[in-house]
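The values are calculated or read from the model by the stated rules, or taken from the named source; none is laboratory data. Treat the numbers as computed from the prediction; the structure is a model and nothing was measured. With ideal geometry, Cβ positions are generated from the backbone for all residues, glycine too; neighbour counts draw on all protein chains shown. Ligands, DNA and RNA are stripped out before the accessible areas are found, and what is left, the full protein with its side chains, is counted by its heavy atoms. Shrake-Rupley method; radii C 1.70, N 1.55, O 1.52, S 1.80 Å.
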Amino acid sequence: MSAAAGPDPEEDSSEEGTSASIDARHGSGTQIGSGNVQKNIYYLAADPRLAGAGTPEPPTRVASFSSVIRDRYGQELAEAGLPVPDSWDETTLGDLRRAHLANAKHGRDAAADLLEALCLAVGAVPVLGQIGGSDISITKLRHLYRRHVGRLPDWVSREEMLVLAASATVAERRRVATDPGHSPEPLIALARFLLGIAGHSKAATNDPVALDDASLGSLADFLTGPLMQQREDAARYLAEEVGRRFWALVELIAEDGAERTRPTRIVLDLISERGEVHTRPVACDPALGASTPEECVRRALRDVVSMLPDGEVLIDLCLPRQWLDSGMEHWEVVEVGGRQESMSRHYSPRLRWAMHRHDKNLRARLEKRCRAVDWSAEPEAIPTAVTGDPAALAGWLDSRNHDEARHPPYFAAIAPSGAGHDPLRELLWEGYGFAVWLPAPAAEPACAEAARVAADIRALERRDDLPQTLAAGLRALKPVIIWSDPEGREGFPLPASRGGGTKRGGAE
């Protein structure tokens, strides 16, 4: 077995150092519990001197971390008074862990937790490569980690994600040992993460992913051997919790003008986790008796929703400007037991401005602005004195139009009540793709509240979590939440423009 490759250009960490305890790494009280408690797991390399007579067998390749892990965690071992080994393989780490635990004065300290996590994770390094983990981008691995372990990790290497998953396992086991009322998960966090990776790697096939697949033999052996997991639990998790996930980009094709003109069609781009795109158009047919453009779109949207696959599907509505505030994300177009329910109840819909996708110049402007977002900054409320005055808005935008400008995660503002002025269009036109737009009756305190919603969300998670958090926190205000992320959504890549789509003036 071979160790996983070293970090690729995506893998540079944004954190300085690591915390000294497992709880600090993974958040206190946020971990999913685990059964199958086994506190002392040791990894022993096969000794070639014990092989029988006859043809010599090749020496066993011992699983080992790259220098990335030594550089990342060596200082913690040194601060604990432990020797920092040159070779970070499973034999050396196992010996170091046993020696540390044998020293009674240490007890179960942070160093013991770290060594346990390292010993758990090092055996997974070759498995990661064998199940396709080395071919998955860091962005996608981070989202797989979040789904199966429970928290978005920092921008770290593949190997460190294994260590973090093992750290979560240690935290889960501690909770099982200290909380008699806790109901643990059947599988430990590291096992769930590896199964999630395997399921993603196999997602391109049409056949169900199963643990008895020959290509997953090393994973099955590792789970049931060193990790001591039940094969039935792993097989069930792979079948039930690692189902295919999709992103549906639903685009309304209509003139991007001053009114909600009748659209010609809806185009569904269904994107799999591996990035394959399947496109289906649905006509907005006025001949079916729809009396308004809204009713025409509603009927077509029901057809689109009926085409979505079973399982987890996320929806982004890619709309012309005058449809962004139609409330489409709340329309009852999902059939459940013969009744229609809201899209927002089932698919976590988000809004995008169509021209950010299809106009190359506006798309480039959006990408530039997005690179300048400071996700740790506080969101900013735009005063109504600015949004209500075209000249003031132009000056406000111009003051931020320089290369060194950094922008908050989003802007919040109140739509002006007067006609003939559309500050949201101007904001979008200048490349600001993250905005919370409140209807005109809202007062300034509501706008300030819309800017405060992000305060309790980690900067690392804001890009993914803010739209849902804003929608929940501002439900009574019914805001328009626009999230034109040029990179896609939660690890799904944004499909390239089809070369048509909505254009200003109605051209396609």
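In the range 465-504, the residue that is modelled with the lowest pLDDT out of those that are open to solvent by 30 Å² or more (accessible area, probe 1.4 Å), within 18 Å of His356 (Cα to Cα) and more than 19 Å from the chain's Cα centre (by Cα) is Arg504. Filtered by the rule that a residue be under 27 Å from the mean Cα position of the chain (by Cα) and acidic (Asp, Glu), the range 403-429 gives no residues. For beta carbons closer than 7 Å, sequence separation of 6+ or different chains, a first residue in the range 93-104 that is free of Cβ contacts under 8 Å to residues at least 24 places away in the same chain and a second that is of a type in the set (A, V, I, L, M, F, W, C) and surrounded by 14 or more Cβ atoms within 10 Å (Cβ to Cβ), the qualifying pairs are Leu96/Leu82; Leu96/Leu115; His100/Leu82; His100/Ala111; His100/Ala112; His100/Leu115.
Going by what's in this entry, would Asp398 be described as in a loop (DSSP other than H, G, I, E, B), open to solvent by 20 Å² or more (accessible area, probe 1.4 Å) and at pLDDT below 95? For Asp398, the condition - in a loop (DSSP other than H, G, I, E, B), open to solvent by 20 Å² or more (accessible area, probe 1.4 Å) and at pLDDT below 95 - is not met. Checked against the criterion of being open to solvent by less than 10 Å² (accessible area, probe 1.4 Å), within 30 Å of Ala124 (Cα to Cα) and at pLDDT 90 or above, the candidates Leu227, Leu301, Leu268, Leu252 yield just one match: Leu227.
Looking only at the range 415-428, decide whether some residue is closer than 25 Å to Arg350 by Cα, open to solvent by 60 Å² or more (accessible area, probe 1.4 Å) and modelled with pLDDT of 90 or more. If you could, list the steps in order and put the result at the bottom.
As a first pass, look at the range 415-428 and keep what is closer than 25 Å to Arg350 by Cα: 415-417, 421-428.
The next check asks that each one be open to solvent by 60 Å² or more (accessible area, probe 1.4 Å); those that pass are 417, 426.
If we keep only those that are modelled with pLDDT of 90 or more as well, we get 426.
Scanning the range 415-428 turns up at least one residue that is closer than 25 Å to Arg350 by Cα, open to solvent by 60 Å² or more (accessible area, probe 1.4 Å) and modelled with pLDDT of 90 or more.
For Val242, the conditions (1) part of a helix (DSSP H, G or I); (2) within 30 Å of Ala166 (Cα to Cα) are fulfilled apart from (1).
Take the conditions (1) part of a helix (DSSP H, G or I); (2) open to solvent by 40 Å² or more (accessible area, probe 1.4 Å); (3) more than 26 Å from Leu216 (Cβ to Cβ); Ser134 misses just one of them, which is (3). Does the range 63-74 include one or more residues that are modelled with pLDDT under 90, farther than 30 Å from Leu466 by Cβ and either touching a Lys or Arg at 6+ places or on another chain (Cβ under 7 Å) or assigned to a helix (DSSP H, G or I) (or both)? Checking the range 63-74: not a single residue is modelled with pLDDT under 90, farther than 30 Å from Leu466 by Cβ and either touching a Lys or Arg at 6+ places or on another chain (Cβ under 7 Å) or assigned to a helix (DSSP H, G or I) (or both). Within the range 351-380, the set of residues being surrounded by fewer than 22 Cβ atoms within 10 Å (Cβ to Cβ) and part of a strand (DSSP E or B) comprises Val373, Glu380. Condition (residue is open to solvent by 10 Å² or more (accessible area, probe 1.4 Å), under 18 Å from the mean Cα position of the chain (by Cα), under 20 Å from Glu116 (Cβ atoms) and modelled with pLDDT of 90 or more) applied to the range 163-175: is it met by at least one residue? Yes, that holds for at least one residue. In this entry, Ser218 passes the filter for residues that are of a type in the set (Ser, Thr, Tyr), surrounded by fewer than 19 Cβ atoms within 10 Å (Cβ to Cβ) and either in contact with a helix residue (DSSP H, G or I) (Cβ under 7 Å, 6 or more places away or on another chain) or at pLDDT 85 or above (or both).
In summary, strands (runs of 3 or more DSSP E) completely within the range 267-348 and bearing 2 or more residues that are of a type in the set (A, V, I, L, M, F, W, C) occur at 277-283, 312-319, 332-336. For the range 138-162, a tally of residues being open to solvent by less than 20 Å² (accessible area, probe 1.4 Å), outside any helix (DSSP H, G or I) and closer than 24 Å to Ser64 by Cα returns 3.
Residue by residue, here is whether (1) open to solvent by 20 Å² or more (accessible area, probe 1.4 Å); (2) out of contact with any strand residue (DSSP E or B) (no Cβ under 6 Å at 6 or more places or on another chain); (3) free of Cβ contacts under 8 Å to residues at least 40 places away in the same chain; (4) more than 30 Å from Arg192 (Cβ to Cβ) holds:
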position	(1), (2), (3), (4)
Arg262	yes, yes, yes, yes
Thr292	yes, yes, yes, yes
Asp310	yes, yes, yes, no
Leu319	no, no, no, yes
Trp323	no, no, no, yes
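With the condition kept exactly as written, say whether any residue in the range 92-108 is touching a Cys at 6+ places or on another chain (Cβ under 6 Å), surrounded by 12 or more Cβ atoms within 10 Å (Cβ to Cβ) and under 18 Å from Ser157 (Cβ atoms). If you could, list the steps in order and put the result at the bottom.
To start, the set of residues in the range 92-108 that are touching a Cys at 6+ places or on another chain (Cβ under 6 Å) comprises 93-94, 97.
If we keep only those that are surrounded by 12 or more Cβ atoms within 10 Å (Cβ to Cβ) as well, we get 93-94, 97.
Filter once more, keeping what is under 18 Å from Ser157 (Cβ atoms): 93.
Scanning the range 92-108 turns up at least one residue that is touching a Cys at 6+ places or on another chain (Cβ under 6 Å), surrounded by 12 or more Cβ atoms within 10 Å (Cβ to Cβ) and under 18 Å from Ser157 (Cβ atoms).
Inside the range 266-280, residues that are among the acidic types (Asp, Glu) and farther than 13 Å from Arg244 by Cβ make up a count of 1.
Would you be able to say whether some residue in the range 430-442 is part of a helix (DSSP H, G or I) and open to solvent by 40 Å² or more (accessible area, probe 1.4 Å)? Scanning the range 430-442, I find no residue that is part of a helix (DSSP H, G or I) and open to solvent by 40 Å² or more (accessible area, probe 1.4 Å), so the answer is no.
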